[in-house]
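K.L.:
The structure that follows is given in the form of structure tokens.
The values are calculated or read from the model by the stated rules, or taken from the named source; none is laboratory data. Since we're looking at a predicted model, the values are computed, not measured. Glycine also receives a Cβ, built like all others from the backbone with ideal geometry; neighbour counts cover every protein chain displayed.
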Amino acid sequence: MVMSIYERTKEIGVMKVIGANLPDIRRMFLLEAGLIGFLGGLLGVGLSFLISLLLNTVLAGFLGAFLGGMMGGGSNISIIPWWTAVGGLLFATVIGVIAGYSPARRAMRLSALESLRNE
């Protein structure tokens, strides 16, 4: 997010010159940070479900053959409850917003004239 502000310094200056409110600029950067956190959490949860599926199919077959059929046919090695997946998504989103708060404040404090000159 810090690099995003450095890369978009001129755009932030233009937004300020045409009359964007400071809370609007902050909201834009916080929304972007939250979206990045949410997408990262979604990728992590999807990867977790994929690994869980592989554990339950491939590893369960190997363990069943290795233990001589002691594992039941319907037993699972890995179970991910829905509330854990939702909690992971919420946690990733909140961490993204928290991480984006300082860069959003920096974007609000940029001088419009200095940011237009810095290109």
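K.L.:
Could you please let me know if ILE25 is surrounded by 12 or more Cβ atoms within 10 Å (Cβ to Cβ), out of contact with any Pro (no Cβ under 6 Å at 6 or more places or on another chain) and either at pLDDT below 95 or closer than 15 Å to ARG105 by Cβ (or both)? Explain how you work it out, then say what you get.
P.N.:
Details: surrounded by 12 or more Cβ atoms within 10 Å (Cβ to Cβ): yes; out of contact with any Pro (no Cβ under 6 Å at 6 or more places or on another chain): yes; either at pLDDT below 95 or closer than 15 Å to ARG105 by Cβ (or both): yes.
Answer is yes for this residue.
K.L.:
Now a separate question. Which pairs have Cβ atoms under 8 Å, sit 6 or more apart or on different chains, and link a residue in segment 30-51 that is in contact (Cβ under 8 Å) with a residue 24 or more places away in the chain and farther than 17 Å from ARG105 by Cβ to one that is among the β-branched types (Val, Ile, Thr) and assigned to a helix (DSSP H, G or I)?
P.N.:
GLY37/THR93; GLY37/VAL94; GLY37/ILE95; GLY37/VAL97; PHE38/THR93; GLY41/THR93
K.L.:
Could you identify the single residue in ILE98, ILE77 that is aliphatic (A, V, I, L, M) and outside any helix (DSSP H, G or I)? Spell out how you get there, then give the answer.
P.N.:
On the way: ILE98 fails: outside any helix (DSSP H, G or I).
The unique qualifying residue is ILE77.
K.L.:
Follow-up question, since we're still on this one. How many residues does segment 29-43 hold that are surrounded by 15 or more Cβ atoms within 10 Å (Cβ to Cβ) and either farther than 13 Å from TYR101 by Cβ or among the β-branched types (Val, Ile, Thr) (or both)?
P.N.:
So in segment 29-43, the residues surrounded by 15 or more Cβ atoms within 10 Å (Cβ to Cβ) come out as 29-30, 32-34, 36-38, 40-42.
Remaining after also requiring either farther than 13 Å from TYR101 by Cβ or among the β-branched types (Val, Ile, Thr) (or both): 36, 38, 40-42.
Total meeting the criteria: 5.
K.L.:
Against the definition (part of a helix (DSSP H, G or I), touching a helix residue (DSSP H, G or I) at 6+ places or on another chain (Cβ under 9 Å) and either more than 30 Å from SER115 (Cα to Cα) or not hydrophobic (A, V, I, L, M, F, W, C) (or both)), how does THR57 come out, yes or no?
P.N.:
Working: part of a helix (DSSP H, G or I): yes; touching a helix residue (DSSP H, G or I) at 6+ places or on another chain (Cβ under 9 Å): no; either more than 30 Å from SER115 (Cα to Cα) or not hydrophobic (A, V, I, L, M, F, W, C) (or both): yes.
Against the criterion (part of a helix (DSSP H, G or I), touching a helix residue (DSSP H, G or I) at 6+ places or on another chain (Cβ under 9 Å) and either more than 30 Å from SER115 (Cα to Cα) or not hydrophobic (A, V, I, L, M, F, W, C) (or both)), THR57 does not qualify.
K.L.:
Next question, about the same structure. Take LEU63 and tell me if it is farther than 15 Å from VAL97 by Cα, over 21 Å from the mean Cα position of the chain (by Cα) and at pLDDT 85 or above. I'd like the intermediate steps shown before the answer.
P.N.:
Working: farther than 15 Å from VAL97 by Cα: yes; over 21 Å from the mean Cα position of the chain (by Cα): yes; at pLDDT 85 or above: no.
Judged against the criteria, LEU63 is not a match.
K.L.:
Does GLY87 meet the test of being within 30 Å of LEU116 (Cα to Cα) and at pLDDT 90 or above?
P.N.:
On the way: within 30 Å of LEU116 (Cα to Cα): no; at pLDDT 90 or above: yes.
It is false that GLY87 is within 30 Å of LEU116 (Cα to Cα) and at pLDDT 90 or above.
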